[in-house]
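Every read-out reported here was derived from the displayed coordinates using simple, explicitly stated rules and does not represent laboratory data. Every value quoted in this text rests on a predicted model; they were computed, and no experiment measured them. Backbone-built Cβ (ideal geometry, glycine too); neighbour counts: all protein chains shown.
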Amino acid sequence: MKLMILLETAGEPLYFGLAEGLSSEEARTLLRQNGREETAHAHRLKKAIEILTGEPYTIPTLDENPYGTPPAMGPVTPELLRGLIQAEFGGDKLYQTYAAHEPNAEVAALLLQNGREETRHGQRVEQVIELLGG
């Protein structure tokens, strides 16, 4: 879960960086919403760790996160966004699998919520492609 937290918190700067490369305000808004929700996923995972361990857990800052700086972005193309869609849908499957093997019902519910939102992220990126005419 700690690795997943690093990946989820890295999602916000990634999505915000992608949004900066777009001319459509509606498309930028959709991507930024995804980014904010990626951070919310990290906070749910933090809660899951605390439930399972009974100990407080601190989410590393972006500066402490080896994935916290997004890669250099070229043009935001439909092909790039389609790859992101697949990653989001794959994230939902990952969370579903993790939840199916998690004996703690409260933790499993947190994982499933994250997964549902990953699918919603992919759907928003599909909307972005449509807005961009791709």
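Any idea what angle helix 105-131 forms with the longest principal axis of the chain, computed on alpha-carbon atoms, 0 to 90 degrees, nearest 10?
Tilt relative to the chain: about 0 degrees.
From the phi angles alone, apply the Karplus equation (6.51, -1.76, 1.60; θ = phi - 60°) to the stretch 42-54 and give each ³J(HN,Hα) in whole Hz, x where the residue is Gly or Pro.
Listing the rounded values in order: 4, 5, 5, 5, 4, 4, 4, 4, 5, 5, 6, 9, x Hz.
Among rounded, prolate and oblate, which fits the stretch 34-106 when a ≥ b ≥ c are the square roots of the eigenvalues of its C-alpha gyration tensor, a/c under 1.5 means rounded, and a/b larger than b/c means prolate? Intermediate values should be presented prior to the final figure.
Details: a/c = 3.33, a/b = 1.49, b/c = 2.23.
Judged from the Cα gyration tensor, the stretch 34-106 comes out oblate (a/c at least 1.5, b/c at or above a/b).
For the chain, modelled as a Gaussian network with Cα springs under 10 Å, which listed residue fluctuates most, LEU31, LEU112, LEU62?
Among LEU31, LEU112, LEU62, the largest mean-square fluctuation in the Gaussian network model of the chain belongs to LEU62.
In the Gaussian network model of the chain, springs joining C-alpha atoms below 10 Å, which of ASN65, ASN114, ASN34 carries the largest mean-square fluctuation?
ASN65
Quick check: the angle from helix 78-100's long axis to the longest principal axis of the chain, C-alpha only, nearest 10 degrees?
Helix 78-100 and the main axis of the chain meet at about 10 degrees.
At 0.36 nm per residue, and after removing the present C-alpha to C-alpha distance, how many nm does the segment from GLU126 to THR58 gain when stretched out fully?
Full extension of this stretch gives 21.1 nm more.
From the Cα gyration tensor of the chain, with a ≥ b ≥ c the square roots of its eigenvalues, which class applies: rounded if a/c is under 1.5, or else prolate if a/b is larger than b/c, or else oblate?
Values: a/c = 2.61, a/b = 1.67, b/c = 1.56.
Here the chain falls in the prolate category.
What residues from the stretch 1-38 fall in the zone where the backbone N is under 18 Å from a label point 7 Å along the Cα-to-C-beta line of HIS101?
So the set is 1-5.
Placing +1 on the Cβ of each Lys and Arg and -1 on the Cβ of each Asp and Glu in the stretch 2-131, which of LEU94, PRO75, PRO13 has its Cα farthest towards the positive end of the resulting dipole?
LEU94
Arranged by the count of other C-beta atoms within 10 angstrom, fewest first, what order do LEU3, LEU81 take?
Sorted ascending by nearby Cβ count, the order is LEU3, LEU81.
Which whole-Hz ³J(HN,Hα) couplings does the stretch 9-21 yield from phi under the Karplus relation 6.51 cos²θ - 1.76 cosθ + 1.60, θ = phi - 60°, glycine and proline marked x?
So the Karplus estimates, Gly and Pro as x, are 5, 6, x, 5, x, 5, 5, 5, x, 4, 4, 4, x Hz.
Once a ≥ b ≥ c are taken as the square roots of the eigenvalues of the Cα gyration tensor of the stretch 1-79, is the result rounded (a/c under 1.5), prolate (a/b larger than b/c) or oblate (a/b not larger than b/c)?
The shape class here is prolate.
Between the alpha-carbon centers of the stretch 80-134 and the stretch 1-68, tell me the distance in whole angstrom.
Each part's Cα centre sits 13 Å from the other's.
Among ALA105, ALA40, ALA19, which one moves the most in a GNM of the chain with springs linking Cα atoms closer than 10 Å?
Largest GNM mean-square fluctuation: ALA105.
If each residue's Cβ is checked for other Cβ atoms within 10 Å, how do THR39, THR69, THR61 rank with the fewest at the top? Write out the running numbers ahead of the final one.
Values: THR39 18, THR69 13, THR61 9.
The order, fewest Cβ neighbours first, is THR61, THR69, THR39.
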